[in-house]
Ligand SMILES: Nc1ncnc2c1ncn2[C@@H]1O[C@H](COP(=O)(O)OP(=O)(O)OP(=O)(O)O)[C@@H](O)[C@H]1O
Ligand SMILES: [Mg+2]
């Protein structure tokens with residue numbers, strides 16, 4: 001892949017327009033171990049004339065930063081392959097394996113889903129017949145942890161996600177936002193090094209959504225895991241993302257990787273800043289027009 005589109009970045013804040021894995025990060029340092037590497041990855045469903053390309057020729061590299069993780073937001077129009085990309089990292093069929101190219105996690109080819117990767121999807125995936133506590137503790141039970149210890153840990157996690165007092169309730173007794181928090185706790189309790197989230201806050205009302213964004217940033221700082229989050233909200237991508245992978249459709253492909261500074265204020269406050277609106281509008285425009293990679297987002301130098 002060429003690097004013809006790579007733009008200069010005087011402030012160190014963006015941008016690799018050419019999503020080549022060797023050049024995809026302003027932070028890329030040769031000595032850092034690899035976390036996730038895609039090299040010329042294409043995924044098609046079906047065969048022959050009926051084959052449908054989900055995405056093609058996707059390359060990027062996410063490094064394993066010492067003592068911290070990264071938040072990688074993935075944005076793009078419906079059908080461009082965002083969920084497919086996430087599920088390939090998770091090792092979930094039929095998305096995995098890719099049709100061609102190479103995907104590595106921790107420097108080794110993926111062969112199956114692993115405890116190092118946790119997935120939170122839009123459907124919350126809770127077990128309706130289990131209480132909040134048992135849903136959160138389910139993965140620990142599968143790992144053979146003793147009842148008392150796993151219940152204690154699940155109680156701690158219920159508290160962390162703001163569900164203290166709800167431990168004995170069933171999913172049907174909870175709001176969508178509460179169910180999503182159970183789902184996040186049930187995944188994070190297993191301490192995956194890589195957390196994969198597919199539109200996790202899509203069904204929540206705006207206020208709860210912002211609370212969940214803040215909670216995610218807080219938990220993610222504690223866990224030091226790397227989070228991949230698919231979202232249709234450009235604001236969410238810009239607020240949460242250290243890097244934003246922008247994809248385009250027909251054919252599904254990775255168009256650019258934007259590097260953004262970390263938020264140090266709440267999403268509510270951030271949304272009131274004029275430059276936040278400016279950046280969001282620019283990203284929205286690029287998404288709507290399927291614009292080619294075009295460099296730094298205006299206003300990102302005023303971020304802090
Ligand atoms: N299991 C499957 N079998 C066949 N085709 C599939 C399958 N999963 C996805 N596809 C196709 O692959 C393409 C990408 O789908 P994907 O779900 O990854 O898109 P997406 O970007 O997540 O879309 P959305 O934003 O609507 O969730 C689509 O054309 C879709 O129809
Ligand atoms: Mg999807």
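The values are calculated or read from the model by the stated rules, or taken from the named source; none is laboratory data. Every value quoted in this text rests on a predicted model; they were computed, and no experiment measured them. Neighbour counts run over all protein chains shown; Cβ positions are idealised from the backbone, glycine included.
Side notes on the structure shown:
- Filtered residue count, the stretch 60-108, keeping only those that are more than 12 Å from the chain's Cα centre (by Cα) and either within 14 Å of ligand 2 (Cβ to nearest atom) or in a loop (DSSP other than H, G, I, E, B) (or both): 24
- Within this structure, residue 120 fails the test of being surrounded by 20 or more Cβ atoms within 10 Å (Cβ to Cβ) and away from ligand 2 (no atom under 16 Å from the Cβ).
- Contacts under 9 angstrom Cβ, first residue in the stretch 66-95 being in contact (Cβ under 8 Å) with a residue 40 or more places away in the chain and farther than 20 Å from residue 259 by Cβ, partner part of a helix (DSSP H, G or I) and within 12 Å of ligand 1 (Cβ to nearest atom), 6 or more apart: 77/287; 94/87; 95/83; 95/84; 95/85; 95/86; 95/87; 95/88
- Single match in 214, 222, 235 (criterion: more than 12 Å from the chain's Cα centre (by Cα), surrounded by fewer than 24 Cβ atoms within 10 Å (Cβ to Cβ) and at pLDDT 90 or above): 235
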